[in-house]
1. Which residues of the stretch B:228-248 show a drop of at least 10 Å² in accessible area when all protein chains are present, compared with their chain alone (probe radius 1.4 Å, heavy atoms only, ligands and nucleic acids excluded)?
2. Under 16 Å from a point 7 Å along the Cα-to-Cβ line of B:Asn41: which residues of the stretch B:101-131 have their amide N that close?
3. Please report the carbon-and-sulfur percent of the accessible area for the stretch B:3-111; probe 1.4 Å, protein heavy atoms only, DNA, RNA and ligands left out.
4. Return the calculated 222 nm mean residue ellipticity for the protein assembly as shown, to the nearest 500 deg cm²/dmol, obtained by summing -39500 (n - 2.57) across DSSP H runs with n ≥ 4 and dividing by the residue count.
5. Please work out the FRET efficiency for the pair A:Ile220 and A:Phe193, using the Cβ-Cβ distance as r and a Förster radius of 45 Å; give the result to the nearest 0.05.
6. Packing-wise, with mean Cβ within 10 Å as the measure, how do B:40-46, A:76-82, B:162-168 rank, highest first?
7. Which value in nm describes the separation of the simple spin-label points at B:Asp93 and A:Phe210, placed 7 Å from the Cα toward the beta carbon?
8. Need one number: nm distance between label points at B:Ala141 and A:Ala97, each 7 Å from Cα along Cα→Cβ, rounded to one decimal.
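The values are calculated or read from the model by the stated rules, or taken from the named source; none is laboratory data. Since the model is a prediction, treat every value here as computed from it, not as a measurement. Here the Cβ is made from the backbone with ideal geometry for all residues, glycine too, and neighbour counts use every protein chain on show. When the accessible area is computed, the model is the full protein with side chains, heavy atoms only, and any ligands, DNA or RNA have been set aside. Shrake-Rupley method; radii C 1.70, N 1.55, O 1.52, S 1.80 Å.
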Amino acid sequence: MSGLIKSSLARKYVMALSGLFLVIFLILHVTINLASVFSPDFFNEASHFMGYNPLVQFIMQPILIVGVIVHFVMGFVLEIQNKKARSISYVKYKGSANAPWVSRNMIYSGLVILAFLALHFYDFWVHEITYKYVEASPENPTRYYFETVEKFAPFWRTILYVVSFGLLGLHLWHGFASSLQSMGANNKYTVGFKKFAKIFAVVVPLAFAFIALYHHFNPIIH
Amino acid sequence: MKLYLKIWRQKDASSPGKIVDYTLDGVEGDMSFLEMLDILNEELVSKGEEPVEFDHDCREGICGTCSLQINGEPHGPDRLVTTCQLHMRKFNDGDTIVIEPFRATAFPVIKDLIVDRSAFERIQQAGGYISVNTSGNTVDANSIPINKHDADEAMDAATCIGCGACVAACKNASAMLFTSAKVSQFALLPQGKVEAVERVQNMVRQMDLEGFGNCTNTGACEVECPKGISLTNIARMNREYLSATLKG
Ligand code: SF4
Ligand code: FES
């Protein structure tokens, strides 16, 4: 088993599995966010549950953080090794002739997402920790909707979120669809999976962007 | 036609190289790319200059000896052909053509456009074989029934000529397409099953030791491969390796 950790194929499996895990998390995240558009009450309930349920807080949240860290640390390790594998670069290299831009620039879409995660953590996670543990404020199951709307009041933040979701879409476009290939599946059944992954890569980031824009413009209109 | 060539010249493995400009007139569309270089070399020799060194052997797309990164693509802009089969009619009068060696840390330049691809041989030696009794009681291979689909896929994988274009095209200089073709051609056949577990592990280990990069599924290798080796071979190798590792 120890050989598995050192080999290039093991790193490929780790990227694919941690990526797939993060995709599952995205489904959960986008579902709860959508509730904020359609039912503020349900959104408050769900957010309160996620914020105070010990299973979510002390088991799922740490696993998620580990998943994110593993995915991006491994991504950097691979990038460094891959650069080393071509120590002298081409004078002329026509990457566009044989591979899509998104697949060749995962490190850049990934870096933008990572920078976004820092902002996102500051916006919501740091805020939660401060509220719950630093200020030790009492539980208030109805605060989440208004806090969210407030966050999206500044236009710059809304734009940063929307741009990041665009990059998330590009990252998913290549990453999600190629995860089964990494895990060793490439046959007539994976064709359908790839189509689903591409649709997912468009629909989910669009939904996230819509939610951010909705909370920015809705209070202005009303 | 008249061509403006920008060619990588490098005296030996330890000297630094550089791009040198040449102008070549009288090139015809029916010439192969290597014939075009032959003409350039004849001119250079007649002027008392050193000819441009490049690899070639069969000149009919079967040996995998020719290489060259031509205008940023291995084996040039055409698909499913090697450099020796690339016709000059793919270019136009007045074109500038940049000609470089295949670039990978695992393929060091020996001279000019020639690179050392023995890393591929070491990967092959690490497991790209089957053990057959040849001491007089050899069993005829055709006596073992093989499913037509498997036989076809194994044959397709076996058409890899080991040219290294997959590595040259890959932004990560990964050798996954080559290695997976060599794993696949045996993994699909009953004769290859006996050593399947060690084969994939040893070949992948050697591939990593040689310093090739990691595959990130860009698919550039499949597009540039002169033999059309498919990415499904890489998936098969990923699968074989995973099951081999889990087995022990
Ligand atoms: S897989 Fe294709 S490109 Fe790679 S060595 Fe074999 S024939 Fe050449
Ligand atoms: S010289 Fe043999 S394949 Fe080109």
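1. Listed in order, they are B:Leu231, B:Thr232, B:Ala235, B:Asn238, B:Arg239, B:Tyr241, B:Leu242, B:Thr245, B:Leu246.
2. B:101, B:110-115
3. Accessible surface attributable to carbon and sulfur in the stretch B:3-111 totals 48 percent.
4. For the protein assembly as shown, the value works out to -17000 deg cm²/dmol.
5. About 0.65, to the nearest 0.05.
6. Sorting B:40-46, A:76-82, B:162-168 by mean packing, highest first, produces B:162-168, A:76-82, B:40-46.
7. Result for the modelled spin labels: 5.8 nm.
8. In this crude spin-label approximation the distance works out to 3.4 nm.
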